[in-house]
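Q: This is the structure I have questions about; it appears just below.
What follows draws every value from the coordinates through simple rules; no lab data is involved. Remember, predicted model here, so these are calculated numbers, not experimental data.
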Amino acid sequence: AQSVTQPDIHITVSEGASLELRCNYSYGATPYLFWYVQSPGQGLQLLLKYFSGDTLVQGIKGFEAEFKRSQSSFNLRKPSVHWSDAAEYFCAVGAGSGGYNKLIFGAGTRLAVHP
Amino acid sequence: GAGVSQSPSNKVTEKGKDVELRCDPISGHTALYWYRQRLGQGLEFLIYFQGNSAPDKSGLPSDRFSAERTGESVSTLTIQRTQQEDSAVYLCASSPVGIASGDTQYFGPGTRLTVL
């Protein structure tokens, strides 16, 4: 069965520090992979997605992610974190029979940023 | 343009009552999804509508849950005889066609359901 694992429930970094959020997936076929961010009081916003091609994907707000098939991973990175990046981050894989018609989400990683 | 809207934003109900949650997708989006997010957890897929095709109901947790969609517009999620474990945020999303086409799902703000 398809699944997504985000090993880190909570991460704290200092403003200006680099960030890497881990995501591992289990899926039999070529996955469609996504990272979403959920800020307090706001809906889920797509940061980036991977469907095919270049395994390093650039997203909004300075985020990037790298698809590594051999490791079944899709880790999210940012070179310098801003206080406004404090939020919950969800990794997801597109899944479903006859097409990728639903998202399977990880449990999320809550990011706190120290000034 | 307008995003996905959901109503009500908050709903408090008593155990055993029925509730209806509404989702207005982005105009022109043929695909509509419902998810549930329990406190401190990720999102769980519930149901997916794509145009006039039969919906994918594989995520509905029990027969107390049902959903309808009128054409390619409004959708309602109904929970009958609510239980305390139904307490969660219910999120709706829409996309122009579907994930397989490379579409992005756009999420609404959610309805927070509390069952007392």
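Q: For the protein assembly as shown, just list the percent of Cα-Cα distances falling in each 10 Å bin from zero outward, please.
A: Going out from 0 Å in 10 Å bins, the protein assembly as shown shows 8, 33, 35, 20, 4, 0 percent.
Q: Let me ask something else about it. Using each residue's phi in the stretch B:19-30, evaluate 6.51 cos²θ - 1.76 cosθ + 1.60 at θ = phi - 60° and report the 3J(HN,Hα) Karplus result to the nearest Hz, with x for Gly and Pro.
A: Residue by residue, the stretch B:19-30 yields 10, 10, 10, 10, 9, 10, x, 5, 4, x, 7, 8 Hz.
Q: How large are Rg and Dmax for chain A when only the alpha carbon atoms are used, in Å?
A: Calculated on Cα positions, Rg and Dmax stand at 13.7, 47 Å.
Q: Between the stretch A:1-37 and the stretch B:52-116, what is the separation of their alpha carbon centroids in Å?
A: 24 Å
Q: Using the C-alpha gyration tensor of chain B, what are the square roots of 5 times its eigenvalues, in whole angstrom, with the largest one first? Don't skip to the answer; put the middle values down first.
A: Details: eigenvalues 109, 40, 33 Å².
Taking √(5λ) for each eigenvalue gives 23, 14, 13 Å, largest first.
Q: Taking every alpha carbon pair in the stretch B:50-116, what does the distance histogram look like in 5 angstrom bins from 0, in percent?
A: 3, 13, 22, 26, 19, 10, 5, 1, 0
Q: For chain A, what relative contact order do you get, as a whole percent, if you take Cα pairs closer than 8 Å and at least 6 residues apart? Can you show the working numbers first?
A: On the way: 282 pairs, mean separation 42.0, N = 115.
Normalised by residue count, the contact order of chain A is 37 percent.
Q: Going from the alpha-carbon gyration tensor of the stretch B:8-70, what semi-axes, largest first and in whole Å, does one get by taking the root of 5 times each eigenvalue? Provide the component values of the computation, followed by the final result.
A: On the way: eigenvalues 91, 40, 36 Å².
After diagonalising the Cα gyration tensor, the semi-axes are 21, 14, 13 Å.
Q: For B:LYS15, give me every one of the lysines with a C-alpha distance below 27 angstrom, ignoring sequence neighbours fewer than eight places off in its own chain.
A: Cα-Cα hits under 27 Å: B:LYS57.
Q: In whole Hz, with x marking every Gly and Pro, tabulate ³J(HN,Hα) for the stretch A:41-52 from phi via Karplus 6.51 cos²θ - 1.76 cosθ + 1.60, θ = phi - 60°.
A: Using θ = phi - 60°, the values come out as x, 10, x, 6, 10, 6, 8, 6, 8, 10, 10, 5 Hz.
Q: Amide H to amide H under 5 Å from B:ILE47: which residues, 5+ apart in sequence or cross-chain, H placed 1.01 Å off N in plane?
A: B:TRP34
Q: I need the phi-derived Karplus couplings for the stretch A:63-76: 6.51 cos²θ - 1.76 cosθ + 1.60, θ = phi - 60°, integer Hz, Gly and Pro marked x.
A: 8, 9, 9, 10, 8, 10, 4, 5, 9, 6, 10, 8, 7, 9
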